[in-house]
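This report refers to the structure that appears directly beneath it.
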Amino acid sequence: MSRLLVNTKLLRKILVDFIREEVCKTGVTKGVLGLSGGIDSALVAFLAAEALGPENVHAVCMPYRTSNPESEAHARIVADACGVHYSVVPITPMVDAYFEMFPDTDNMRRGNKMARERMTILFDHSALHGALVLGTSNKTELLLGYGTLYGDMASALNPIGDLYKTQIWQLSEEMEVPREVIDKKPSADLWAGQTDEQELGFTYREVDELMYRMVDLRMTDEELVREGFPTEFTAKIRERIKNSHFKRRLPIIAKVSNRTIDRDFRYSRDWGK
Amino acid sequence: MDFTASLAQIKPKLGCLPENLATIEENIVRARKEGSDLVVFPELALTGYFLKDLVPDIAISLDSPEISRLKKLSKDIAISVGFVESTSDYRFFNSSLFLDKGEIVHVHRKVYLPTYGLFDEQRYMARGDRFRAFDSRFGRIGMLICEDLWHLSAPYILAMQGATTIVCLSSSPGRGLTDDEWLGSTIAWQRLNATTATFLNARVLYCNRVGYEDGINFWGGSEAVGPCGTSLSRAKLLEEDFVTAVIKESELRRERILAPLMRDENLPLTLRELQLIESERGRT
């Protein structure tokens with residue numbers, strides 16, 4: 001029995017209010033986000049449209065030449081469905097120009113470069129539209145470190161970073177995200193036929209049930225075994241969370257003064273707002 | 001006596017005293033217009049909650065212009081409001097005031113400063129060292145601040161001093177989303193308020209805030225609870241609101257006759273047992 005069921009109406013209200021309040025208190029009324037054609041960014045587009053009004057949300061689709069054409073088609077369907085502004089900025093010229101200098105690169109480097117290329121475009125569009133960049137990383141990928149630091153993990157604020165993928169699916173149903181986007185297999189779309197679950201080696205539903213118990217309920221390994229999770233799986237996920245922790249933190253600073261930023265110089269970001 | 005209490009469920013701005021004072025003033029004016037005898041504001045209404053290193057910068061003393069202004073506003077309505085109090089020896093307290101007739105009737109300094117989970121209060125603030133009930137024109141009152149109410153002994157001590165109304169100022173972050181109708185924190189607080197009122201045959205006036213600070217929501221849901229544990233009036237969840245309840249003397253009388261728990265409470269026995277526990281501690 002899943003422990004991850006949530007009251008989606010209440011969740012919707014909290015996240016919509018979060019976007020509206022946290023964007024508007026900075027003196028800005030608009031948001032910009034990358035729309036990949038996948039469910040996470042689709043959900044954020046729907047939430048942002050409800051929070052800020054669709055006319056104040058700019059969605060940018062940034063395909064690479066190897067991206068599945070279906071992704072761009074789905075991004076357009078999502079933008080049409082929630083009524084946000086939509087534009088397409090292909091990243092092929094910039095990414096290929098770079099890799100002409102480094103022809104022997106593996107998929108990981110290529111994928112990271114693409115993610116960071118998209119980030120620079122979003123932050124440029126942030127300045128272009130006077131809009132804050134909305135994050136689209138969910139809790140599952142943040143905990144697993146399944147994202148690119150300063151790439152898709154970069155944003156000004158993230159409405160879905162505390163939702164497991166399983167909960168993303170639930171809320172997407174409530175928000176009426178287009179069916180084809182909810183139903184398709186999650187993919188980073190770095191190369192043809194890639195799926196997240198194939199690459200990770202487990203399903204989101206499996207790992208979400210485990211991480212909810214491990215992280216949120218702080219169950220011990222013995223308890224997790226009793227809950228039916230194989231020891232090797234538990235160990236592997238614990239290791240992944242630990243090894244990717246650097247991605248969830250700001251860069252560490254060598255301390256020499258009495259008041260070092262974020263160590264003993266501590267203020268909320270909403271300071272004065 | 002019967003009295004009318006308003007709960008001003010506001011959204012303070014973090015570290016912005018002048019703006020928050022203006023919001024508080026607007027709500028006082030509204031409460032007065034609506035004929036309320038008492039208006040309650042949330043914990044740290046004057047400052048916002050996740051202050052961290054801002055604490056010394058926004059702390060004010062009891063003779064500050066802001067408190068003088070609030071005293072003036074209390075000439076014809078009682079006010080309970082939260083702020084950061086600074087003392088002459090540079091300690092900073094998470095405090096609440098009870099003002100009436102232009103004077104400070106009582107100051108409570110939060111005793112239980114949570115420093116677990118998402119909380120970090122005791123890093124920045126000093127701990128209060130007493131729970132004292134006080135007399136008001138609405139009978140005897142005890143003030144508590146948020147976490148204080150989660151310690152059974154706190155409202156118990158106030159009730160033993162004769163408090164028949166517990167005023168609780170709160171900044172409770174919303175968390176614990178499940179498939180329940182409400183957030184875990186909402187469910188827990190509603191249970192706590194009802195249970196406290198029932199156990200102590202007392203009213204609970206609970207005022208929580210709303211708004212977001214660094215992504216953390218405050219869930220609102222302020223409520224006035226009668227001495228039998230039923231909610232008399234409840235504010236909206238997650239929205240600014242202003243609710244008023246008539247607090248009736250007759251209900252208190254009826255409840256105290258029906259279930260005279262406070263009359264029967266054996267304070268000497270409790271004290272004896274607690275002293276025994278204290279003396280036996282550290283022996284093992």
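Of note:
- The residue of the stretch B:183-208 that is farthest from B:Pro227 (Cα to Cα), among those that are more than 14 Å from chain A (Cβ to nearest Cβ) and outside any helix (DSSP H, G or I), is B:Asn208.
A quick yes/no check of all residues on (1) outside any strand (DSSP E or B); (2) in contact with a helix residue (DSSP H, G or I) (Cβ under 7 Å, 6 or more places away or on another chain); (3) exposed (fewer than 15 other Cβ atoms within 10 Å of the Cβ):
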{"residue": "B:Gly229", "(1), (2), (3)": "yes, yes, no"}
{"residue": "B:Leu232", "(1), (2), (3)": "no, no, no"}
{"residue": "B:Glu255", "(1), (2), (3)": "yes, no, no"}
{"residue": "B:Thr270", "(1), (2), (3)": "yes, no, yes"}
{"residue": "B:Glu273", "(1), (2), (3)": "yes, no, yes"}
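- Some residue of the stretch B:53-60 being within 14 Å of chain A (Cβ to nearest Cβ), in contact with a strand residue (DSSP E or B) (Cβ under 8 Å, 6 or more places away or on another chain), outside any helix (DSSP H, G or I) and modelled with pLDDT of 95 or more: no
- Condition met for B:Ala8 (assigned to a helix (DSSP H, G or I), hydrophobic (A, V, I, L, M, F, W, C) and either surrounded by 23 or more Cβ atoms within 10 Å (Cβ to Cβ) or at pLDDT below 95 (or both)): no
- Among residues of the stretch B:61-94 being part of a loop (DSSP other than H, G, I, E, B) and among the basic types (Lys, Arg), the one that is farthest from B:Glu121 (Cα to Cα) is B:Lys75.
- Residues satisfying the stated conditions in the stretch A:227-251, i.e. over 23 Å from the mean Cα position of the chain (by Cα), in a loop (DSSP other than H, G, I, E, B) and not small (Gly, Ala, Ser): A:Glu227, A:Phe229, A:Pro230
- Of everything in the stretch B:153-168 that is part of a strand (DSSP E or B) and free of Cβ contacts under 8 Å to residues at least 60 places away in the same chain, the residue that is farthest from the other protein chains (Cβ to nearest Cβ) is B:Ile166.
- Some residue of the stretch A:207-217 being farther than 28 Å from A:Met108 by Cα, out of contact with any Asp or Glu (no Cβ under 7 Å at 6 or more places or on another chain) and assigned to a loop (DSSP other than H, G, I, E, B): yes
- Unmet criterion (only one of (1) more than 14 Å from every other protein chain (Cβ to nearest Cβ); (2) in contact with a Cys (Cβ under 7 Å, 6 or more places away or on another chain)) for B:Ser171: (1)
- Residue list for the stretch A:124-160, filter: in contact with a Gly (Cβ under 9 Å, 6 or more places away or on another chain), more than 24 Å from B:Glu213 (Cβ to Cβ) and in a loop (DSSP other than H, G, I, E, B): A:Thr148, A:Gly151, A:Asp152
- Candidates are the residues of the stretch A:232-272 that are aromatic (Phe, Trp, Tyr) and within 14 Å of chain B (Cβ to nearest Cβ); the one that is surrounded by the fewest Cβ atoms within 10 Å (Cβ to Cβ) is A:Phe265.
- Taking every residue in the stretch A:78-94 that is closer than 9 Å to A:Cys61 by Cβ and at pLDDT 95 or above and pairing it with any residue that is crowded, with 16+ Cβ neighbours inside 10 Å and among the small types (Gly, Ala, Ser), at least 6 positions away or on another chain, the pairs with Cβ-Cβ distances below 6 Å are A:Ala79/A:Ala59; A:Tyr86/A:Ala59; A:Tyr86/A:Ala79.
- From A:Glu206, A:Glu197, A:Glu180, residue being within 26 Å of A:Gly38 (Cα to Cα) and touching a His at 6+ places or on another chain (Cβ under 9 Å): A:Glu180
- Residue in the stretch B:13-30 that is crowded, with 24+ Cβ neighbours inside 10 Å and small (Gly, Ala, Ser) present: no
- Top-ranked residue of the stretch A:20-49 - restricted to ones that are among the charged types (D, E, K, R) and crowded, with 19+ Cβ neighbours inside 10 Å, ranked as farthest from A:Leu134 (Cα to Cα): A:Glu21
- Residue in the stretch A:2-14 that is crowded, with 23+ Cβ neighbours inside 10 Å and either within 14 Å of chain B (Cβ to nearest Cβ) or within 15 Å of the chain's Cα centre (by Cα) (or both) present: no
- Against the test of being within 14 Å of another protein chain (Cβ to nearest Cβ), out of contact with any helix residue (DSSP H, G or I) (no Cβ under 8 Å at 6 or more places or on another chain) and not acidic (Asp, Glu), the options B:Pro42, B:Pro18, B:Pro12, B:Pro65 yield a single qualifying residue, B:Pro18.
- In this structure, A:Val215 qualifies as within 24 Å of A:Thr166 (Cβ to Cβ) and within 14 Å of chain B (Cβ to nearest Cβ).
- Subset of the stretch B:21-39 that is under 20 Å from B:Lys236 (Cβ atoms) and free of Cβ contacts under 8 Å to residues at least 24 places away in the same chain - its residue that is nearest to the other protein chains (Cβ to nearest Cβ): B:Thr23
- Check on B:Leu113, more than 14 Å from every other protein chain (Cβ to nearest Cβ), crowded, with 20+ Cβ neighbours inside 10 Å, in contact with a helix residue (DSSP H, G or I) (Cβ under 9 Å, 6 or more places away or on another chain) and more than 22 Å from B:Ser136 (Cα to Cα): yes
- The sole residue among B:Glu213, B:Glu265, B:Glu223, B:Glu255 that is under 18 Å from the mean Cα position of the chain (by Cα) and of a type in the set (D, E, K, R) is B:Glu223.
- Here A:Phe229 passes the criteria (1) closer than 24 Å to A:Met62 by Cα; (2) more than 14 Å from chain B (Cβ to nearest Cβ); (3) surrounded by 11 or more Cβ atoms within 10 Å (Cβ to Cβ); (4) at pLDDT 95 or above except the one numbered (1).
- Taking the criterion of being of a type in the set (Asp, Glu) and free of Cβ contacts under 8 Å to residues at least 12 places away in the same chain, the residues of the stretch A:229-263 that qualify are A:Glu232, A:Glu239.
The values are calculated or read from the model by the stated rules, or taken from the named source; none is laboratory data. Please read these numbers as outputs of a predicted model, since none were measured by experiment. Every residue, glycine among them, receives a Cβ derived from its backbone with ideal geometry; neighbour counts consider all protein chains shown.
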